[in-house]
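Readers should treat all values here as calculations from the given coordinates under stated rules, not as data from a laboratory. The structure presented is a predicted model; accordingly, all values stated were derived computationally and were not measured. Glycine also receives a Cβ, built like all others from the backbone with ideal geometry; neighbour counts cover every protein chain displayed.
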Amino acid sequence: MTRKTDQIAVFGQLEFDLTDNVTAALGARWYEIEDEYKGSTSTVNITERELAFGAGTEQALQNHFGMAEGTAVFNDIQNGVLDVSDIDGNGVLTADDVILRASLDWRINEGFMLFATYAQGFRPPTTNRVGGGLANNQASPAFQGFRIPVSSQTDDLDNYELGFKADLLNDRLRLNVTGYFSEISGSAEPRDSTRRISVFSGSPTTWVMRKLPAPMVTSSGSRRIT
């Protein structure tokens, strides 16, 4: 199996002085990500499966899954149960978006500055090699009739920072203090709420990591970090 992820992005930022002591900055970043998953295992041909999702026709899905299962998958796509909108005709997961950044710096004097920052972020999507299949634990009410998502969506981050920088003791000591609040939406969550989630956080660019016992299934969720 091979997985290739390509990303292109364009970033720009504009800074301007509101007063002699106050500077504002506005930035934006556009990105496009392509996640290509090819190959096969002993149980699934990933290349054919993604091409079938990309085609999106009942015939293409029947050719891969078989008549009955292909029709069931097609119906779930038509009914909105299974989302394949991010898979293109070549079977490649494609996502794009624009994220923003804004900041305000107030230099109260030569040795003290207050600042505030708002920034958006994301975690790239990924293709699920067993996407579209029924979850193994069909006996559980939480998983009955549930199909494994074809791909994960991007997590969206809104990060807010407030702090100050101070030069003290005749510039012999520099003190930087920052408080932040981060909210992550659209994150992967277990369909069964009894499953364990471990969350690790660091800087605003360190993403939430989760450990989920198999089978991993996802739905929309959110996290707040302070």
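Observations, loosely collected:
- Here residue 185 and residue 98 are evaluated by their C-beta separation; at R0 = 22 Å the FRET efficiency comes out at 0.85.
- Burial ranking of peptide ranges 118-125, 140-147 (average Cβ count within 10 Å, highest at the top): 118-125, 140-147
- Straightening the chain between residue 137 and residue 20 buys 35.7 nm, computed as 0.36 nm per residue apart minus the Cα-Cα spacing.
- Fully extending the segment from residue 168 to residue 7, taken as 0.36 nm per residue of separation minus the present Cα-Cα distance, adds 53.6 nm.
- Exposure proxy ranking, count of Cβ atoms within 10 Å, fewest first, for 8, 148: 8, 148
- With neighbour counts taken as other beta-carbon atoms within 10 Å, the residues 71, 127, 154 rank, fewest first, as 71, 154, 127.
- The stretch 93-127-the stretch 1-61 distance, computed between alpha-carbon centres (Å): 19 Å
- Shown here for the stretch 24-115: GluC sites (Glu not before Pro) in loop regions (DSSP other than H, G, I, E, B) with at most 15 other Cβ atoms within 10 Å, namely 110.
- Per-residue 3J(HN,Hα) values for the stretch 124-139, derived from phi via the Karplus relation 6.51 cos²θ - 1.76 cosθ + 1.60 with θ = phi - 60°, read x, x, 8, 7, 9, 5, 10, x, x, x, 6, 4, 4, 8, 5, 6 Hz in sequence order (x marks Gly and Pro).
- Going from the residue with the fewest nearby Cβ atoms within 10 Å to the one with the most, 187, 103, 42 rank 42, 103, 187.
- For residue 110 and residue 57, the difference between the fully extended length at 0.36 nm per residue and the C-alpha to C-alpha distance is 12.5 nm.
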